[in-house]
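Notes to accompany the following structure.
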Amino acid sequence: NPVYADGISLIKDDLGLSMIINPEFAAASEIARTLRFPSAIKVETFAKSRVEVINYRIVPGSILCNVKIENLKSTVKSDIFICAIQRGNEVFIPTGATELMANDIISFLASPTVVHEFFKKIGAHSHKIRDMIIIGGGRLTYYLTKMLLQVGIRVKIIESNLKRCEDLSELLPDAMIIHGDGTDNQLLHEEGIEEADAVATLTGLDEQNVIMSLYTAQYAPNAKLFTKIKHFDFDDMIKSMDIGSVIYPKYITADHIIKYVRVMQNSIGSNVETLHHIIDDKVEVLEFRIREQSDMLGVPIEQLKIRSGVLIACINRSGKMFIPGGKDTIELGDTVIIVTTNKGLYDIENILSLKPTHADTV
């Protein structure tokens, strides 16, 4: 409840809780983060926001189609690092010889500046979001609107419940509140849905959200779409629809719990600092901090026996981020970003083929 949101730290301390999760706030944060890169499906941050991991679907006819990853830099002239690909139902860690195809969902790693430049170079939607229409006036909408107004984005909320409209008008005086039915096509056009930079369908009904997003995609093809889904029953069907970024508050909640538990599994030599799931929870991206000496430190990466399905994506050394090559080494004090299709890595040494993971030993 937003009533408790401002005092959440006090509640946590008073009740002796380790963690408090606000599903609607977490979902709103994910939408706001993705809005920074409108072409992205999902955005996660690492290394104190110095590095972004972006999910992006390659559209047919893109300059990226039929390009091998080893030729990507010369083709696009951008320093992105593709670390995972979803092709249909298959998810895999690519090699330099992997050829990109239309409708691939790629996960790539880069600094925020490079991400913006990359989207411009491939002709993807990259202009700044100036205004947004939100259909549905629930708690998620409340939190999201507060975040957007703080960064200067104009927000228009369409809500069918008159009492809720009145409440939102008091809570969010800088937003425009429209009393009406979001499924009313005439109303949507009157409120300028064709010109909106972004549209989010956040009602309590999954079916209604999907239908409104499909309609918006037809009449506002350049708008960034967000669709809230509460249930997983039609997950496979939804994946085939053009409804933008799908937001699952329940999944986001579960993901926060998993991240907390994994980060708390401190090992002797290194710790999981950050953990994110990408590509439908099939790939993990972990950030390890190297706190103690290990036999693998100082050894060129090309000489390490790294497990299949594991990729060393980035190293942060004294604030300098770089994508390592075969001659580079991992050193004490580094933070290392690992991308893997293996679940259960809890120590940096688990990337080696001879080291069992926690999952292996249970």
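Results, tabulated for the structure shown:
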{"item": "Cut-off under 5 Å, modelled amide H: who pairs with Ile82 long-range", "result": "Leu109"}
{"item": "Net dipole in debye of the chain [+1 Lys, Arg Cβ; -1 Asp, Glu Cβ; about Cα centre; nearest 20]", "result": "960"}
{"item": "Distant-in-sequence amide H partners of Leu352 (H built 1.01 Å from N, under 5 Å)", "result": "Arg307"}
{"item": "The stretch 291-332: C-alpha gyration tensor shape, a/c 1.5 cut-off, then a/b vs b/c", "result": "oblate"}
{"item": "Relative packing of 12-22, 131-141, which averages over residues the other C-beta atoms within 10 Å, highest first", "result": "131-141, 12-22"}
{"item": "Isotropically averaged projected area of the stretch 80-144, using the convex hull of Cα atoms (one quarter of hull area), nm²", "result": "7.0"}
{"item": "Loop chymotrypsin sites (Phe, Trp or Tyr not before Pro), the stretch 210-241 (other Cβ atoms within 10 Å of the site Cβ: 14 or fewer; DSSP)", "result": "Phe232, Phe234"}
{"item": "Charge sum, other residues only, whose C-beta stays under 15 Å from His231's C-beta, Lys/Arg counted +1 and Asp/Glu -1", "result": "-1"}
{"item": "Solvent accessible area, Å² - Leu214, 1.4 Å probe, full protein context", "result": "70"}
{"item": "Aspartates and glutamates whose Cα lies under 13 Å from that of Lys230, excluding same-chain neighbours fewer than 8 positions away", "result": "Glu24, Asp206, Glu207"}
{"item": "The chain - Debye-derived log10 I(q)/I(0), Cα point model, q = 0.11 Å⁻¹", "result": "-0.82"}
{"item": "Radius 13 Å from Cβ of Lys121, net charge of other residues (Lys, Arg +1; Asp, Glu -1)", "result": "+1"}
{"item": "For the stretch 215-324, accessible area per residue (1.4 Å probe, heavy atoms of protein chains only), Å²", "result": "50"}
{"item": "Simple Cβ-charge dipole of the stretch 231-319, Lys/Arg +1 and Asp/Glu -1, about Cα centre, in debye nearest 20", "result": "380"}
{"item": "Residues whose placed amide H lies under 5 Å from that of Ile178, excluding near-sequence neighbours", "result": "Ile157, Ile158, Glu159"}
{"item": "Between the stretch 93-143 and the stretch 152-205, the Cα center-to-center distance that results, in Å", "result": "24"}
{"item": "Cα lying deepest toward the dipole's positive end in the stretch 148-223, options Ile211, Ala198, Asn185, charges on Cβ", "result": "Ala198"}
{"item": "Over the chain: helical MRE at 222 nm, DSSP H runs n ≥ 4 each giving -39500 (n - 2.57), nearest 500", "result": "-8000 deg cm²/dmol"}
{"item": "Prolate/oblate/rounded label for the stretch 121-262 (Cα gyration tensor, a/c 1.5)", "result": "rounded"}
{"item": "Surface accessible to a 1.4 Å probe, Thr95 within the full protein complex, Å²", "result": "80"}
{"item": "Whether the stretch 1-147 is rounded, prolate or oblate, judged on the alpha carbon gyration tensor where a/c under 1.5 counts as rounded", "result": "prolate"}
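The values are calculated or read from the model by the stated rules, or taken from the named source; none is laboratory data. What you see is a predicted model, and the numbers here were worked out from it, not measured in a lab. Note that we place each Cβ from the backbone using ideal geometry, even for glycine, and neighbour counts take in every protein chain shown. Accessible surface is based on the protein model in full, side chains and every heavy atom, while ligands, DNA and RNA are left aside. Shrake-Rupley method; radii C 1.70, N 1.55, O 1.52, S 1.80 Å.
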